[in-house]
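Asker: Next up is a structure, given as C-alpha cells.
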Amino acid sequence: MGFKEFWEEFFRYKSGIAGLILLFGLAFMAIGAPLLAPTEAYENWLNDEYWVENPEGVPPTWAAWLMGKNLPGHIIMTDPVEEDHWQEPPPWGARVYRWVFKYDFYYDEPPKDLMFRVLGITRGEKAPLIRIKIVRPDEKEITITCNYKLSERFRDTNCISISVTGTKEARFDPLSKGATWRFAEKYETEENMIKAIGMVIDEMDIVFREAGPGMIFGDTPLLHGTYKFIITVKMYNPGDRFDGMRVIAAGKVYGLLGTDIRGRDLWVGIVWGSRLALIVGLIGSVVSTVVGVFYGTVSAYLGGIKDEILQRIYEVVASIPVLPILILMAAIFKPSVWNLALMMALFYWTGPVKTVRSMALQIKEEPYVEAARAIGASGWRILTKYIANQVLPYTFALMAMTVPGVILTEAGISFLMGGEIISEPTWGRILGDAHGYSKMWWWILPPGFMICLTGLSFVLIGYALDKILNPMLKR
C-alpha cells in the first residue's frame, strides 16, 4: 500500500479523522505553548514569589457568567492619578513619596483582597514607614500603618507587600485589632463585635460595604463608587532605593482557567502540560514499542532453546507490577519527567512481544524467506529486510495504542508522588496538588479532561490504523 492509498483508506474511518483532529489540536497547543502561555510563568511554576500578585483559589473569568454575577476581575494598578515626592527637613531628613490610585467598584461582590507593593531596596537600621489610607465613596477613611517592626523583615529585599487581609490574624482578636477592625468598631454594635470573636471574617466586607451594624458579617449593602488609595512612604536611609508602586485588587475570578491555592495560573499548567504529556507519551511509546517489536521478532527468528529463554525472560518482566516499581524507582532516583518516560519504556516493551512473535513465526516460514536463506542471505538481513519489514506497519498501530497507557501511568505517578519527584507542571501533578480541594472544580476538571482527551485521540487513531494495517481486521 502506497502513501496515497494509505491516506485514502485512513480517511474512510471516522474514528481516525476524529482522532487526527484532536491530535492536531493538542500538537498546536504543545508547539505553540510559548505563544499561548508565558515561558517565564512555566519556568517559575514552583516560585511562590512570582505568583504573589495573583488571587488564590479563584475560578475562571467565564464562571461569573455561569453564576449570573458581575464579579470583580483581577486589576493591577501601576499608574497613579496623583504622584509627588519631597525631602523632609532635618532632623527627620526622610525622602517622602506619595501616590493616589483610584478604583471604580461596581460589582456584585467585593474583591478577594487589596495588596499594596512598594518596589525597591531597603537598607540600614531604620526601615521605611508606610501609611495607606483608603478613602471610601462615603468619605469615611481606613488607615493602615506599616511600622518598623512589621517591615524590618523586608530589609535587603526588593519589595514590601502589604495585604489588607494580611495585616492581622484571620480570627478576631480584641487585643490585636487590625485597621479594618478599628474602623468597624465605630459602626458595629457591641453584640456583633462579641459575636465575631473566634470567627473568620472577610475584611473586604468591612472595606466595601456600607458602614453600620452587620457590615462585618456582610449584611449591609455594598458601597459602590470610586475608592481612593493614598499611599505615603518615608525612606530614612541613604542606601534606600525606590523603584515603583503597584496596587493590586485581587479578583474573585481570573483568566481562562482560574488559579490554585498558591495563585498559579492554571492555564499555564494546562498548556505546558500538553507539551510534557505528548513528549512523555511519544518517548515512552516509541521506545517501548520498538524494543518490544525487535524482541518479539528476534525471539521468533532464533527459535528453539533461545526462543524459550527469551520467552521466560519476557514472562518474568511482564509479571512485575509496573506502577509500584516505577514509584519506587522515581522516589530513589528523583528523575525529571523525561527520565520517567524512559523508565516507563523499560517495562512497557512487553506489550507487543507475543503478538509480534506470532506474526514473525508465520512470516519466517514464507517461501520468499526460505528463498533468501537458500541464496545465502545473512540472518540480520533476513530479520530486518524480510521479517521486521512486514511487521513494521502494524508497529505504528501499536505505538498509537501505547501512548494513552504511558500518559496515564505518568499522571498516576505524578498524582501519587507530586512535587516529591516531578518539578514540571504535568497534568498529573496538577491533579495531585488539587487533592483535598474538591470544591475547586476548575482545578480538578481541566487536567482530568485533558488526560482523557489525549488518550482518546490516540485510541481513535490506533483503532483506525489497526483496521488498515492488520490484515485479519480488514474488510
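Asker: Given the convex hull over the Cα atoms of the chain, what projected area results after averaging over all orientations, in nm²?
Answerer: Seen from a random direction, the Cα hull of the chain projects 31.9 nm² on average.
Asker: Okay, moving on. Where does the chain land at 222 nm, in deg cm²/dmol rounded to the nearest 500, when only DSSP H runs of n ≥ 4 count, each adding -39500 (n - 2.57), divided by all residues?
Answerer: -15000 deg cm²/dmol
Asker: Just subtract the alpha-carbon distance of Glu139 and Thr39 from 0.36 nm times their residue separation and send over the number in nm, one decimal.
Answerer: Stretched fully, the Glu139-Thr39 segment lengthens by 31.6 nm.
Asker: Could you work out how much longer the chain between Ser423 and Phe24 gets when fully extended? Use 0.36 nm per residue separation minus the Cα distance between them, nm to one decimal.
Answerer: Stretched out fully, the Ser423 to Phe24 stretch lengthens by 141.0 nm.
Asker: In degrees, nearest 10, range 0 to 90: what is the angle between the Cα axis of helix 266-302 and the longest Cα principal axis of the chain?
Answerer: Roughly 20 degrees, rounded to the nearest 10.
Asker: Which of the aspartates and glutamates could a cross-linker span from Lys252 if the Cα-Cα distance has to be under 12 Å and same-chain partners fewer than 8 positions apart are dropped?
Answerer: Glu56, Asp108, Glu109, Asp113
Asker: Still on this model: How many percent of all Cα-Cα pairs in segment 260-313 sit more than 18 Å apart?
Answerer: For segment 260-313, the fraction of Cα-Cα distances above 18 Å is 58 percent.
Asker: Kindly express, to the nearest 10 degrees and within the range 0 to 90, the angle between helix 388-417's C-alpha long axis and the longest C-alpha principal axis of the chain.
Answerer: Once rounded, one gets 30 degrees.
Asker: Quick check on segment 327-397: what are the equivalent-ellipsoid semi-axes from the Cα gyration tensor, as sqrt(5λ), descending, whole Å?
Answerer: 37, 12, 10
Asker: Next question. How large is ³J(HN,Hα) for each residue in segment 67-75, as worked out from phi by the Karplus curve 6.51 cos²θ - 1.76 cosθ + 1.60 (θ = phi - 60°), to whole Hz, x for Gly and Pro?
Answerer: 7, x, 10, 9, 8, x, x, 7, 10
Asker: Related question: Straight-line reach from Lys186: which aspartates and glutamates fall under 14 Å, measuring Cα to Cα and dropping same-chain residues less than 8 apart?
Answerer: Glu141, Glu210
Asker: From the phi angles alone, apply the Karplus equation (6.51, -1.76, 1.60; θ = phi - 60°) to segment 56-61 and give each ³J(HN,Hα) in whole Hz, x where the residue is Gly or Pro.
Answerer: 9, x, 10, x, x, 4
Asker: Would you list which lysines come within 25 Å of Lys467, measuring only between C-alpha atoms, while excluding same-chain residues fewer than 8 positions from it?
Answerer: Lys4, Lys14, Lys354, Lys364, Lys385
Asker: Within segment 53-145, how many Lys pairs sit with Cα atoms under 24 Å apart, leaving out pairs fewer than 8 places apart on the same chain?
Answerer: Count of close lysine pairs: 7.
Asker: Expressed as an acute angle from 0 to 90° and rounded to the nearest 10, what is the orientation of the C-alpha long axis of helix 353-363 relative to the principal long axis of the chain?
Answerer: Helix 353-363 and the main axis of the chain meet at about 30 degrees.
Asker: Still on this model: What's the whole-number percent of alpha carbon pairs in segment 71-253 lying beyond 22 angstrom?
Answerer: Summing the P(r) tail past 22 Å for segment 71-253 gives 48 percent.
Quick note: the coordinates plus some simple rules give every number you see, no bench work behind them. The model shown is predicted, which means the values in this text are computed figures rather than measured ones.
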